[in-house]
Amino acid sequence: MSVSNAPATPQSFLSFDFSLKRVGVASGNSLMKTATPLRTITTEGDARFAAIATLIAEWQPSALVVGVPFHPDGAAHDNTRRAQRFARQLAGRFGLPVHEVDERYTSTEAKAQGARDVDAAAAALILEQYLREQA
C-alpha cells in the first residue's frame with residue numbers, strides 16, 4: 001500500500017451572493033484561499049442565467065458556491081428558500097457541484113469595508129468563508 005503526499009489539485013470557484021434583484025459574483029481558488037469580486041448581475045430570469053453561463057465559460061470553475069441567508073438565530077426565511085432554489089437551478093443548468101454557505105452579515109461586512117460593489121464583495125466574503133471551512 002502506498003500513500004501519496006502529493007497535494008490535492010487546486011480547485012477554482014465562482015461564488016454568488018443571491019437576491020431577487022441582484023446577484024454578486026466572485027472568483028477564487030483553493031490554492032490561495034482568497035476570492036476576488038467580479039461583478040454584479042442585475043438581469044433576471046433567463047438573462048441572469050445567460051450572464052452566469054458566460055462567466056462559467058470564461059472562468060471554468062470546478063464548483064460553485066452560493067450564499068444562503070438565515071435569520072440571526074439560524075432560522076430559515078423566504079430568502080433562504082430562494083437562495084437554495086437558485087443553488088439547485090445552478091446545479092441543474094450547469095452540471096457543476098454547488099456548495100451552500102451560511103452568509104449572514106456578508107453584505108454588512110462588505111459595506112463596512114467600503115466596497116464599491118457590495119454584492120460582488122459579499123460574494124467574495126462568502127467564497128473566502130467556504131474556503132476557510134475546507135481547511
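Coordinate-derived values only; no laboratory data. All values derive from a computational prediction rather than experimental measurement. As a convention, Cβ positions derive from the backbone with ideal geometry for all residues, glycine included, and neighbour counts pool all protein chains shown.
For the range 64-135, the Kirkwood estimate of the hydrodynamic radius, built from every pair of different alpha carbons, is 12.7 Å.
Put simply, the Cα atoms of the chain extend 52, 32, 29 Å along their principal axes, the longest span coming first.
Packing, as the average of other Cβ atoms within 10 Å across residues, places the peptides 113-119, 9-15 in the order 9-15, 113-119, highest first.
Would you look at the GNM of the chain, springs on alpha carbons closer than 10 Å, and say which of P97, P37, P72 moves the most? Among P97, P37, P72, the largest mean-square fluctuation in the Gaussian network model of the chain belongs to P72.
Highest GNM mean-square fluctuation among T54, T36, T80, for the chain modelled with Cα contacts below 10 Å: T54.
The angle between the Cα long axis of helix 118-133 and the main principal axis of the chain comes to about 30°, on a 0 to 90 degree scale. Taking the chain as a Gaussian network of alpha-carbon nodes connected by springs under 10 Å, the highest mean-square fluctuation of the residues G92, G45, G28 belongs to G45. Within 10 Å of each candidate Cβ there may be at most 12 other Cβ atoms; applying that plus a DSSP loop requirement, which trypsin sites (Lys or Arg not before Pro) in the range 1-84 survive? Answer in residue order: K21. Cα centroids of the range 98-135 and the range 45-95: how far apart, whole angstrom? After rounding, the separation between the Cα centres reads 14 Å.
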